[in-house]
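**Q** What follows is a structure written as structure tokens; I'll ask about it next.
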Amino acid sequence: ASYYVGLRTKKPFVEKGQPFPIDVIGVDLDGKAVAGAKIAVKAVRLDYEYKKGKYTEKEVDPQGCNVAAATDPAPCSFKTKEGGTYKVTATIVDDRGRPNQTTMTFWVTGGDSIPARDVRQEVVQIIPDKKEYSAGNSAELLLQAPFYPAEGIVTWRRSGIVKTERITLAGPTKVITVPITEVMTPNLYVQVDLVGATARLDDKGEPDPKLPKRPAYAAGMINLPIPPKQRTLKVEVKSAAAKVSPGESTKLSLTVLDANGKPVPNAEAAVLVVDEAVLALTGYKFPDPLDTFYGQRGADARDHYLRAHVKLAKPAGGLVQTASTNGNGARGYGGAPGGGGDMEMADMAAEPSPSPAAPPPPPSQTTPMAKSVEKKEASKRNRDQPMEEEAQKQQGQSGQAIAIRSNFNPLASFSPAVKTDAQGRAVVDIKVPDNLTRYRIVAIATAGDKQFGKGEDALTARLPLMVRPSPPRFLNFGDTFQLPVVVQNQTDAPMTVRLAARTANANLTDGAGREVTVPANDRVEVLFPAAADMAGTARFQFVGSAGNASDAYEIALPVWTPATTEAFATYGVIDDGAIKQPVALPGQVVTQFGGIDVTTASTNLQALTDALLYLVKYPYECAEQRGSRIMAIAALKDVLKAFKTKDMPSAQAMEASVTGDIERLSQMQNHDGGFAFWERGRPSEPYVSVYVMSALSRASKKGFTVPANILERGKVYLRSIESHYPHWYSKEIRETISSYALYTRKQMNDLDVPKAKQLYASAGGATKLSMEANAWLLGTMAGQAPAQAERTAIVRHAMNKVSETSGAANFTTSYGDGAYVLLSSDRRVDAVMLESLILEQPKHDLIPKIVTGLLGHRKAGRWLNTQENTFALLAMDTYFQTYEKQTPDFVARVWLGNDYAGDHAFKGYSTDYFAIPIPMKDVAAHDKQDLTIQKDGKGRLYYRIGMTYAPASLKLAAADYGFVVQRAYEGVDDPKDVVKQPDGTWKIKAGARVRVKLNMINENRRYHVALVDPLPAGLETLNPALAVTGPIPTDPTEQKSRDRYWWWYGPWYEHQNMRDERVEAFAALLWEGVHRYQYVARATTPGNFVVPPPKAEEMYMPETFGRGASDRVIVE
């Protein structure tokens, strides 16, 4: 139907005998009155009759009122001879004969409720006279009691009971008054409790005068809204210009008025100007400060009813009839939503539903319909024209150079504290970035500690001619693609636009110039075929001009190496003379990527480069991995210069990384003070919680800012760590985590030697504890005289259990099936024991052997996982800071074959290093020749020879080292959209939605698994977490293959990330079997794309991994 009918009343209830007036209006879809349309209004009273053991609703006493729609509402009035609930139904018919209905409920005093047969908590209906109230009003509440006479208590509740008063009901209804005051803002609960006695019913539902009356009780509650209108500020923020050019400056005028419309001087406002496109990704709306500072207050009171336990004797045989209670004596309340009667709209084409006992809430507003825009055809003419020539021509036409848009900061302006003058006004100067977009202007103001408000406006940045590239988010080495550039004409006349392009680290394969005709107020897409040159960053510049109109745009895209890069390194020392290291290429390699890095240093800290680099660049970012990065960088903050290599970020960048990780971890802390792996709200993991608190404590001691409340909540969690263990944790696991918690508390200046001794004793001594628990306890009690006996026993036990050779030593421990909750490993035990021994007995002769054994377990210059690398770096830093005292004075020289590569002089003790990079093309020219490193002078030379390379073949075969991983693509909307060619290449239709299916197979149980699927550059994931994505289509075959209990078990993964270049899924515990993972992407960019293989690995045992085969995807 195209017509709607509306009903309105000033008050939802009246006294019996008084007429009930309503206003009726008829409107179309745009809300305009449809004069002359016939509206039939019908009112009935709702009564109940007892049939077959239950009450059913029936309509009685019908009344009618026929009106014609007009510009002003038409009046109707209905008689109320009987009390009770009335329903009003209004019907309107549009010009095509299609009816539409609106219903409304109102109440009349004096009506009876449905009686009950047994003793149970009945409902007091509470109907307010308004939807909301303000200070100075009085709320009139109509009470409909299920029995009478009755005695009652009215309680006002707001964070507890505020006031009580006694009432008496002689009839079925009563009106009570509640005066509203300012202190009740923003809401007040009113509860009514009634007690009395009422007649018992027979099997026909009629009162039985032969039986004694039964006890009766009832309750009802209503929440009265009292919005803070007198505390609301009217905030207006306006831009001097509604439309500006990119990079242009303008002024924002701010006005703050109080609830009475008077200026507010010295009000403070935060003013933001944000790109609307970014906010639209999540549908973000800036919260109203009134909702924050005047959030709904709870009743915060509990009620218990003894009458719920009363039992009635059955009329026949004197048997006891059990009372029916609502939740073990708990209350159940009935109350009508506030104000004006409730309305419900329904299309007559659907069968109308029966009226509920309590009316439903009013319908939400309908959203306006968007209009579709039809694109026009445009003619195109290609021209191969250099960008410099085109830019010169355009400069000559306009008399000045064309500014290249490159600043695309989504936050155009942020003024955190803008003060108003005596007239309640302020002016903010802003300069918008280079985005062509619409900005949301937001001002959030406060005046004192009670008045708040928010205002918004919009600002559009545009040009007469706009050039907008739509590139992929990244590229892979070996990709060829067509880069779309949208040319938009914002004028009322057609434009002939000349386009030119320039690139760096990318090749334009079909000319750099175009000429295109763009119709008035329309757009045209132009394609520039291009190819990625080499790994690194590809830059594109586009410039367009038409007469005096021009625009230029610059973008940068990362270019990744699609093959799985591989690396290895060797370490050594030279006390005298020289060493020769044979060098041979590992097969066919990409000569533009990688090479050899020879790094020399006078301290062995340089040998830890790859371990720190591993942690800094670790791709996943759960709480444990962020904590690992914090600990490694914070602990080595004073010696970061010794870790610089070509691929290592600067010390400043790594410190900034720590600051960001601390901020993120602060947001991930649960209310109990603990941490889960991925996000706040999940159950805290005891080991992860201790680990993160250790990281934050170390960072705080190194000068990084860690919120004090985060540390304090964590300290409380550690003190009661035993109360957080799941029931299935073994005794050994509990003891180890508790020992680590004690060690971490010592770091936080909360040493608890008595608890450490108690833990040691309750376990049965050192021989009953795991080696790791012994190591933590030794570090906790190191140097503490009251624990001398325990310290001695732990060291003795460690010496008895150590696995020792002539030059190295290490420890082993086992936790059985629960080891994964500790992320355990033997190398971590070595590192923890090393650090504790240095603290306890720094002159012990086993310490150097543990160092040698720890360094000997590195592979490719690092240890196995984040846990091993973190604790090894902490221990090694302690070792070198404690023992290394030599004073170097020597020169290091390097040759590759007969060609001299470079030298460096080391004089005095420092952590300086010298790196000699040898590009892969030079390494290839000296294949199978020796690399020579010579030292002249006193001291020890530490060196690292590292090679990084990428296999020349971009087609990698699948590999199974613990996982089998398979990948396939299929069309979502049409199977023909995605076709696999005979040669294995996937051909995808541009614009199509693609379902990516991954199968991961593991024959044995795996722990802390990461499944990573790299994307082709021509596809973008449809992320369901973004508001702009819309619903993700489900896979019909997956629905069929699920068993009946799939909803109970949920997906195998616990967390997923959808990034620009890859999709990730993670599981802490993965049972053996076949595991499926799916996501949907859209083909956005035409081209021929290389797709690296999907990979699965155990994050803490990365040698357990598997990968699928490389793919090639063609989007056209």
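**Q** Among the residues of the range 739-756, write down those that are in a helix (DSSP H, G or I) and either among the β-branched types (Val, Ile, Thr) or more than 21 Å from Asp826 (Cβ to Cβ) (or both).
**A** If the condition is that a residue be in a helix (DSSP H, G or I) and either among the β-branched types (Val, Ile, Thr) or more than 21 Å from Asp826 (Cβ to Cβ) (or both), then Ala741, Leu742, Thr744, Arg745, Lys746, Gln747, Val753, Pro754, Lys755, Ala756 are the ones that fit.
**Q** Tell me yes or no: at least one residue of the range 137-158 is aliphatic (A, V, I, L, M) and free of Cβ contacts under 8 Å to residues at least 24 places away in the same chain.
**A** No, there is no match, as no residue in the range 137-158 is aliphatic (A, V, I, L, M) and free of Cβ contacts under 8 Å to residues at least 24 places away in the same chain.
**Q** Taking Thr645 as the residue in question, decide whether it is at pLDDT below 85, surrounded by fewer than 18 Cβ atoms within 10 Å (Cβ to Cβ) and in a loop (DSSP other than H, G, I, E, B).
**A** Spelling it out, Thr645 is indeed at pLDDT below 85, surrounded by fewer than 18 Cβ atoms within 10 Å (Cβ to Cβ) and in a loop (DSSP other than H, G, I, E, B).
Listed here are the residues, each with its yes/no results for (1) modelled with pLDDT of 85 or more; (2) under 24 Å from Thr509 (Cβ atoms).
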| residue | (1), (2) |
| --- | --- |
| Val526 | yes, yes |
| Ser550 | yes, no |
| Val559 | yes, yes |
| Phe568 | no, no |
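**Q** In the range 489-496, is there at least one residue being more than 30 Å from Lys234 (Cβ to Cβ), crowded, with 21+ Cβ neighbours inside 10 Å and not acidic (Asp, Glu)?
**A** Yes, there is a match, as at least one residue in the range 489-496 is more than 30 Å from Lys234 (Cβ to Cβ), crowded, with 21+ Cβ neighbours inside 10 Å and not acidic (Asp, Glu).
**Q** Also, I was wondering about something else. In the set Thr537, Thr517, which member is in the same structural domain as Phe474 (by TED's automatic domain parsing), in a strand (DSSP E or B), of a type outside the set (Phe, Trp, Tyr) and under 30 Å from Val598 (Cβ atoms)?
**A** Values: Thr517 fails: under 30 Å from Val598 (Cβ atoms).
Checking each option against the conditions leaves just Thr537.
**Q** Could you tell me whether the range 268-281 includes any residue that is part of a loop (DSSP other than H, G, I, E, B), assigned by TED's automatic domain parsing to the domain that holds Ser415 and modelled with pLDDT under 90?
**A** There is at least one residue in the range 268-281 that is part of a loop (DSSP other than H, G, I, E, B), assigned by TED's automatic domain parsing to the domain that holds Ser415 and modelled with pLDDT under 90.
**Q** On to the next question. Restricting attention to the range 59-73, does a residue exist that is more than 30 Å from Asp203 (Cα to Cα) and in contact with a Cys (Cβ under 8 Å, 6 or more places away or on another chain)?
**A** Yes, the range 59-73 contains at least one residue that is more than 30 Å from Asp203 (Cα to Cα) and in contact with a Cys (Cβ under 8 Å, 6 or more places away or on another chain).
**Q** Within the range 863-873, identify whether any single residue is in a helix (DSSP H, G or I), more than 16 Å from Arg827 (Cβ to Cβ) and within 51 Å of the chain's Cα centre (by Cα), and answer yes or no.
**A** no
Let's see how each residue does on (1) within 30 Å of Glu1098 (Cβ to Cβ); (2) surrounded by fewer than 18 Cβ atoms within 10 Å (Cβ to Cβ):
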| residue | (1), (2) |
| --- | --- |
| Ala860 | yes, yes |
| Gln867 | yes, no |
| Leu873 | yes, no |
| Pro919 | no, yes |
| Thr932 | no, yes |
| Lys935 | no, no |
| Ala950 | yes, no |
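**Q** In the range 678-709, what count of residues is obtained for those that are under 22 Å from Arg734 (Cβ atoms) and touching a Ser or Thr at 6+ places or on another chain (Cβ under 6 Å)?
**A** 3
**Q** Still on this structure, please answer the following. Please go through the range 70-129 and give me each residue that is of a type in the set (Gly, Ala, Ser) and in contact (Cβ under 8 Å) with a residue 12 or more places away in the chain, ordered by number.
**A** Answer for the range 70-129, where residues must be of a type in the set (Gly, Ala, Ser) and in contact (Cβ under 8 Å) with a residue 12 or more places away in the chain: Ala70, Ala74, Ser77, Gly83, Gly84, Ala90, Gly110, Gly111, Ser113, Ala116.
**Q** Another question, then. Can you tell me which residues in the range 1085-1116 are crowded, with 19+ Cβ neighbours inside 10 Å and part of a loop (DSSP other than H, G, I, E, B)?
**A** Thr1085, Pro1086, Pro1092, Pro1093, Pro1094, Met1099, Tyr1100, Gly1108, Ser1110
**Q** Could we say that Thr80 is β-branched (Val, Ile, Thr), touching a Ser or Thr at 6+ places or on another chain (Cβ under 8 Å) and surrounded by 16 or more Cβ atoms within 10 Å (Cβ to Cβ) here?
**A** no
**Q** Just the residues that are under 25 Å from Arg214 (Cα atoms) and part of a strand (DSSP E or B), please, taken from the range 133-154.
**A** Leu143, Gln144, Ala150, Glu151, Gly152, Ile153, Val154
**Q** Inside the range 87-104, can you point out the residues that are surrounded by fewer than 24 Cβ atoms within 10 Å (Cβ to Cβ) and assigned to a strand (DSSP E or B)?
**A** The answer is Lys87, Thr89, Thr91, Val93, Pro99, Asn100, Gln101, Thr102, Thr103.
**Q** Kindly establish whether Leu718 is assigned to a helix (DSSP H, G or I) and over 20 Å from Glu835 (Cα atoms).
**A** For Leu718, the condition - assigned to a helix (DSSP H, G or I) and over 20 Å from Glu835 (Cα atoms) - is met.
**Q** Residues of the range 935-981 being farther than 28 Å from Val1009 by Cβ, small (Gly, Ala, Ser) and part of a strand (DSSP E or B), which ones?
**A** Selection gives Gly937, Gly946, Gly971.
**Q** Assuming Asn435 fulfils every condition listed in (1) closer than 30 Å to Val244 by Cα; (2) out of contact with any Pro (no Cβ under 8 Å at 6 or more places or on another chain); (3) modelled with pLDDT under 95 apart from one, which condition is it?
**A** (2)
**Q** Looking at the range 105-132, which of its residues are surrounded by 24 or more Cβ atoms within 10 Å (Cβ to Cβ) and in a loop (DSSP other than H, G, I, E, B)?
**A** Val124
**Q** Right, here's the next one. Consider Tyr1053 carefully, then state whether it is in contact (Cβ under 8 Å) with a residue 60 or more places away in the chain, in contact with a strand residue (DSSP E or B) (Cβ under 7 Å, 6 or more places away or on another chain) and aromatic (Phe, Trp, Tyr).
**A** Numbers: in contact (Cβ under 8 Å) with a residue 60 or more places away in the chain: no; in contact with a strand residue (DSSP E or B) (Cβ under 7 Å, 6 or more places away or on another chain): yes; aromatic (Phe, Trp, Tyr): yes.
Answer is no for this residue.
**Q** When you look at Arg214, is it at pLDDT below 95, farther than 30 Å from Thr173 by Cα, in contact with a Lys or Arg (Cβ under 7 Å, 6 or more places away or on another chain) and among the basic types (Lys, Arg), yes or no?
**A** no
**Q** Just to be sure, is Arg713 surrounded by fewer than 21 Cβ atoms within 10 Å (Cβ to Cβ), within 25 Å of Thr659 (Cβ to Cβ) and modelled with pLDDT of 95 or more?
**A** So Arg713 fits the description; yes.
The values are calculated or read from the model by the stated rules, or taken from the named source; none is laboratory data. Fair warning: this is a prediction, and the values are worked out from it, not measured in the lab. Neighbour counts are summed over all protein chains in view; Cβ atoms, including those assigned to glycine, are modelled from backbone coordinates with ideal geometry.
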